[in-house]
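First the structure, in the form of structure tokens, and then the observations on it.
The values are calculated or read from the model by the stated rules, or taken from the named source; none is laboratory data. It should be emphasised that the depicted structure is a prediction, and the values quoted were computed from it without experimental measurement. Heads up, the Cβs are rebuilt from the backbone with ideal geometry, glycines too, and the neighbour counts pull from every protein chain shown. Ligands, DNA and RNA are excluded from the accessible area calculation, which covers all protein heavy atoms including side chains. Shrake-Rupley method; radii C 1.70, N 1.55, O 1.52, S 1.80 Å.
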Amino acid sequence: MNLYERVGLQSHGLHAQAGDVTYELMSAEVESLCSHLSKFSRLIQRFERSVDIAGIPGMPHESESACFHGGAFWEVIGDTFETLERRESIISADVLDAWFEPAPAVVQALERCLSFALKTSPPTAGEGMRHVIARARGVSKNSILTGAGSSNLIFTALRGWVTPSSRVLILDPMYDEYAHVLEQVIGARVDRLRLSRTHGYQIDRQQLRDSFSRGYDWVILVNPNSPTGRHLPRHQLEHLMAEAPKATRFWIDETYVDYVSEEQSLEVHAATSSNVVVVKSMSKAYALSGVRAAYLCASPGLVRETLRWSPPWAVSLPGQIAACKAFASLDYYRARWRETAILRGELQAGLEAQGWDVVPGCANFLLCHLPRSAPDAEESVAKVRARGLFIRDVTSMGTGLGKRAVRIAVKDRGTNQQVLDILSSALGLG
Ligand SMILES: Cc1ncc(COP(=O)(O)O)c(C=O)c1O
């Protein structure tokens, strides 16, 4: 009886006896059963290993707790890729893929050996890719670990280093994969450093410094941050880290740093220190989201440790070829990063003219609060989506963003104008 009551069933006081067995009539609303079940998540996880419970309506299951990554446009294009031409009918500004093409040398290299690249096992640990990245970034090859996108590195390296007893500080708002991995996957103890709209979502350096006295095992920063686009300059961050206890490790996600300046990266600092790890995606700044290429830069000791838990062939052969060719085409990318700043400025001016409150970001996206006359973020995102424009409702990416915050990716000049036109007509803006 106790077992049934614990999942929310209530007795009606009606019994029936059949031999030695007593039957009791009990009932519960499905909604109440589901909410009681959420207390049994570990047990449900055990069941899920042997039973497919995802099809049971209302049943909480693991995949529902994964964080949302955008990419809703695949529902229109079709994720079995039979109608890829539909990509021309949408504007994907909800994920932060680069607005420009990969460097011509990248595309040519893959075109020349596509069949070979598809059928051949790549260098096991991406040795050549590590070498090329190390040379370009001025660090030792032993300080570089490659991964199939930074998501892969977050799930392997961070999961290897952070344990359920670790104390971790993250930003709020911040790219929500971190809270998901730390809290839902690892079960670590996580505190949040709140960034407020009144301070333009800038990190309060004194507040960060003060928090160090709590003795965190890890401090995780996305710099420039997403979804805010705000950046803490390298020299300020280096000073802050020098004031932290030696046992505190820093994980700095520099997915968007190249849009500020390559010199702002902490890679060299990370390679020569024992407690700083820099993770760099090649998705957004090198237009390589599709091939999944990224790397982590840390001391050789830390890299050696993570190499042990990293799967072989983590980056595909097309990914390794593309990454090497991208680093041989830095002039091309530098020109695109400079152009992005101009395009971002134009998009910001266009949005402000419509009455948006735009956070002055420095990456390939803008965090914006909707004009008063527009509906809230959820409804606005749905309205523009009906016209083929995908932007991101970021209200769940932090506790203080409110219900009217959206993130819009910077596109090329013509597409930015289309974005502005759709926003204006769909949301009835000036
Ligand atoms: C801050 C940040 N880090 C990491 C990622 C993951 O990127 P990828 O796995 O494509 O390298 C993203 C993607 O949006 C991001 O915004």
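Remarks
- Take every DSSP beta bridge whose two residues both sit in the chain; close to 55 percent of them are antiparallel.
- From phi via Karplus (6.51, -1.76, 1.60), per-residue ³J(HN,Hα) for the range 163-174 in Hz, x at Gly/Pro: 10, x, 8, 6, 9, 10, 10, 10, 8, 9, x, 6
- The residues neighbouring L195, those whose beta-carbon lies less than 11 Å from its own, together hold a net charge of +2 under the Lys/Arg +1, Asp/Glu -1 convention.
- Amide H contacts of F250: V219, V276, V277, each under 5 Å away and 5 or more positions distant or on a separate chain (H built 1.01 Å from N in the peptide plane; Pro and chain starts excluded).
- Each principal axis of the Cα cloud of the range 104-328 was taken in turn, and the coordinate range along them, longest first, works out to 54, 33, 31 Å.
- Residue among S329, V384, V406 farthest towards the positive dipole end of the range 325-430, charges placed on Cβ: S329
- Under 5 Å between amide hydrogens, built in the peptide plane, is the criterion, and for D191 it picks out V168, L169, I170 among residues at least 5 positions away or on other chains.
- Residue-wise HN-Hα coupling along the range 70-85, computed from phi with Karplus coefficients 6.51, -1.76, 1.60 (Hz; x: Gly, Pro): x, x, 5, 4, 5, 5, 7, 5, x, 8, 9, 6, 7, 10, 4, 4
- For the chain, the carbon plus sulfur part of the accessible surface works out to 52%, probe radius 1.4 Å.
- With at most 13 neighbouring Cβ atoms within 10 Å, loop GluC sites (Glu not before Pro) (DSSP) excluded, longest segment of the chain: 244-430
- Phi angles of the range 94-105 translate, via the Karplus equation with coefficients 6.51, -1.76, 1.60 and θ = phi - 60°, into HN-Hα couplings of 9, 9, 9, 4, 4, 7, 9, 7, x, 4, x, 5 Hz per residue; Gly and Pro are given as x.
- Checking every one of the trypsin sites (Lys or Arg not before Pro) in the range 320-392 against DSSP loop status and a limit of 10 other Cβ atoms within 10 Å picks out R372.
- Alpha carbon Rg of the range 133-229, scaled by the compact-globule rule 2.2 N^0.38 Å: 1.19
- Within the chain, helix-based [θ] at 222 nm, where runs of 4 or more DSSP H residues each add -39,500 (n - 2.57), nearest 500: -9500 deg cm²/dmol
- Per residue, the average separation of C-alpha pairs within less than 8 Å and at least 6 apart gives the chain a relative contact order of 19 percent.
- Here the dipole of the range 104-328 is about 320 debye; that uses its Cα centre as origin and unit charges on the Cβ of Lys and Arg (positive) and Asp and Glu (negative).
- 1.4 Å probe accessible area per residue over the chain, in Å²: 48 Å²
- Descending Cα extents along the principal axes, the range 180-228, whole Å: 32, 26, 16
- Coordinate range along principal axes, alpha carbons of the chain, Å, largest first: 83, 57, 54
- In this simple spin-label approximation, V107 and R387 carry label points 7 Å from Cα along the Cα→Cβ vector, and these lie 2.9 nm apart.
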